[in-house]
1. So which DSSP H runs in the chain come out at 27 Å plus along the axis (Cα) with average Kyte-Doolittle of at least 1.6?
2. How much length is gained on full extension from Phe118 to Glu221, taking 0.36 nm per residue of separation minus their Cα-Cα distance?
3. So, for segment 230-369, what is the accessible surface per residue at a probe of 1.4 Å, expressed in square angstrom?
4. Over segment 55-207, one equal point on each Cα, no solvent: what is log10 I(q)/I(0) by the Debye formula at q = 0.08, 0.09, 0.17 Å⁻¹?
5. May I ask for the distance between the Cα centers of segment 86-127 and segment 587-646, given as a whole number of Å?
6. Considering the Cα trace of segment 129-179, what is its radius of gyration and what is Dmax, both in angstroms?
7. Using a 1.4 Å probe, what is the accessible area per residue for segment 508-554, in Å²?
8. Please work out the Cα center distance from segment 498-521 to segment 143-208, rounded to the nearest Å.
Amino acid sequence: MCGIAGALSLDGSAIRHTSIRAMTQALVHRGPDEGSAILLGADSCAVRPGCGTGERRPAAPGVPIIGLGHRRLKVIDLSGAAAQPMRGAGGDGWLIYNGELYNAEELRRELRGRGVLFRSRSDTEVVLEALGAWGAAALPRFNGMFALAFWQPSERRLILARDRFGEKPLYYAKAGGVLVFASEIGALVRHGDLPLSLDPEAVELYLTFGFIPAPWTIYREVRKLPHASYLEARPRQEPAVARYYRLEDRLGAPPPPRPEEAVLEALDAAVRGRLEADVPLGAFLSGGLDSTAVVALMRRARVMPARTYSMSIPDLGYFDESRRARRTVAILGTLHREVAVDAARLQSEIPFVLDRLDEPFADSSALASSVIAGAARRDLTVALSGDGGDEVFGGYRVYGALRAHRFLRAIPAAATSLLASLLASVPSRHGGGPAGAVRQARRLLAGLSSDFAAAHALWMSVCGPDARRALRPGVHDGDLGRSLIEDRYRRFGGGIESTRAVEIDLPLPDDMLAKVDRTSMSHSLEVRAPFLDPALVEMALSLPAAANFSILSGKRLLRRALRGVVPPHVLSAPKRGFEVPVGHWLTGPLATLYREVVSGVVLQEIAGIEPRAAETWFSEHRARREDRGSALWGLFALCWWQRGQRRAHERAAGSADRQLRAVSSSEATFLRSSEG
């Protein structure tokens with residue numbers, strides 16, 4: 001894994017090396033092994049330093065029009081031949097790339113047949129030569145996770161692209177007459193000359209979902225490149241974004257004649273394809289079905305026992321899967337490390353995690369993800385995970401809830417109202433077991449008055465429409481989140497058969513995968529997700545919803561496929577969410593910190609938020625009149641960002657020159673060192 005950053009002059013003005021260097025330096029945690037930066041003129045030659053540090057002027061021979069920066073985490077081919085920015089063998093192409101390509105050898109053979117001479121074993125060079133040969137048409141041929149920038153001097157064309165399902169991030173913005181891009185907003189703003197203002201639509205989406213979906217970011221001036229998309233830019237032209245892969249075009253394929261065998265074969269191939277590395281590799285093992293399946297198939301493919309990592313939380317019984325993980329380890333024979341944590345340890349992770357998020361992000365499981373990633377990084381550089389299994393095979397509770405939706409709507413309204421009244425009388429508690437069941441039942445009944453897509457949106461919501469309007473009484477709320485869900489149901493055909501595709505297309509890239517990327521890369525750990533192999537995803541979606549989940553059970557097909565591979569105690573175990581009980585903490589150990597962070601002063605800095613509404617929510621939650629845990633954690637994360645990252649971004653946005661005035665002229669042309 002790596003971090004990328006760069007800038008392209010759209011108006012002919014010169015690119016400044018200090019800006020590219022500052023952006024690249026901000027990504028050291030993503031690529032601690034080495035760093036490089038280069039300025040290129042219109043002829044693709046490296047430009048002498050200093051050309052981009054003066055006044056803006058039309059591009060001329062020797063004036064840099066593009067800058068590329070890269071931070072490298074060495075994984076495959078640890079030699080200097082695989083370093084970046086990388087120039088194509090024919091000279092007409094430069095690449096900076098963050099990711100892994102799992103079909104690199106297949107494409108390498110094809111490109112060799114076209115006469116390409118490779119200088120390294122890296123997948124980076126395969127991506128570079130494929131883009132040089134086929135342009136943007138190469139993107140759908142890549143099986144992997146990636147964010148990349150490819151500069152083609154002969155066409156004066158820049159291509160930015162992200163992988164199909166959004167495993168790797170990429171942000172972009174226009175700073176004056178310059179297009180800037182980077183793996184993280186914190187790097188992007190260090191270009192300078194970039195105004196930053198809150199995007200009111202993004203704030204609404206954050207309050208709805210607890211995350212901000214692409215193409216929005218918290219800043220009006222900065223955009224996320226959506227997954228499965230690429231941006232094409234040329235000097236003197238407006239950049240344009242297009243999709244190169246459409247999940248809706250892959251739906252409706254004929255299902256395999258023997259689904260269980262086909263699923264196991266595809267998952268086995270996906271795991272095997274993700275085992276190549278020249279550095280230590282292992283896996284997360286939570287004790288759940290998905291991670292256990294990955295580890296069991298690793299055991300089949302490798303002679304050496306896999307290194308595995310799990311977390312135990314003994315004082316939070318419902319969330320603790322360590323006992324199941326220990327049974328699994330004994331059967332699979334892995335080299336296992338169990339990381340024991342308590343509530344205090346998870347709470348202590350709050351500053352580290354929230355300080356490394358460029359945007360407000362309310363998924364509390366990021367705390368646990370960061371702890372386990374940090375522990376694994378002591379021994380590993382690469383870890384396989386079970387991420388994506390719930391989305392692809394119908395493991396989340398939302399699938400059963402939406403399956404029940406149409407049946408419950410047939411029940412007389414008087415009966416459902418009576419049931420809702422009875423549930424309302426039960427004190428609100430955070431956690432699993434009976435408390436979790438009550439909370440889910442309340443949410444399910446609340447969605448019965450809505451149509452199917454709206455019910456899905458309500459189930460996903462951290463704050464529903466009424467709550468958002470109470471929190472921001474003077475701000476128009478367009479229920480934009482619901483519109484995004486409805487749009488996806490239209491794209492994917494509607495109804496329960498489209499639900500998995502909706503989950504894969506919306507919350508997966510900007511919630512689950514964003515969490516995994518930020519928490520793992522904060523520790524310089526690469527995480528690979530076999531369940532997101534395109535062949536496996538498309539096969540799973542070709543099978544009817546009923547084969548995968550019912551009202552009461554999920555991942556039915558996957559469980560059948562894994563009989564004889566995964567231990568029986570895992571196959572029969574119920575689904576447990578990888579959540580953290582922040583709602584419970586807010587009534588006790590976090591109450592003081594919450595009041596300090598979510599203050600009236602900070603809330604008033606965020607346009608439109610009414611502090612008194614937030615205070616009412618907190619009082620209701622502490623008195624257990626309402627379970628406001630998710631919403632309060634969302635406000636906590638939002639205010640933490642406002643006090644920390646937002647102010648840091650605003651300081652950095654105009655300070656790139658001041659940060660790096662001491663850069664020497666020899667470093668400014670081309671950098672390649674462990675310190676960048």
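1. Result, helices passing both filters: zero.
2. 33.1 nm
3. Dividing the accessible area of segment 230-369 by its residue count gives 45 Å².
4. Listed by q, the Debye log ratios stand at -0.27, -0.34, -1.05.
5. Measuring centre to centre over Cα atoms gives 49 Å.
6. Computed over the Cα atoms of segment 129-179, radius of gyration and Dmax are 12.2, 36 Å.
7. With all protein chains present, segment 508-554 gives 22 Å² per residue.
8. So the two Cα centres are separated by 18 Å.
The values are calculated or read from the model by the stated rules, or taken from the named source; none is laboratory data. Computed from a predicted structure; not experimentally measured. When we count neighbours, we look across all protein chains shown, and the Cβ atoms used for this are built from the backbone with ideal geometry, even at glycine. Heads up: the accessible areas ignore ligands, DNA and RNA and are worked out on the full protein's heavy atoms, side chains in. Shrake-Rupley method; radii C 1.70, N 1.55, O 1.52, S 1.80 Å.
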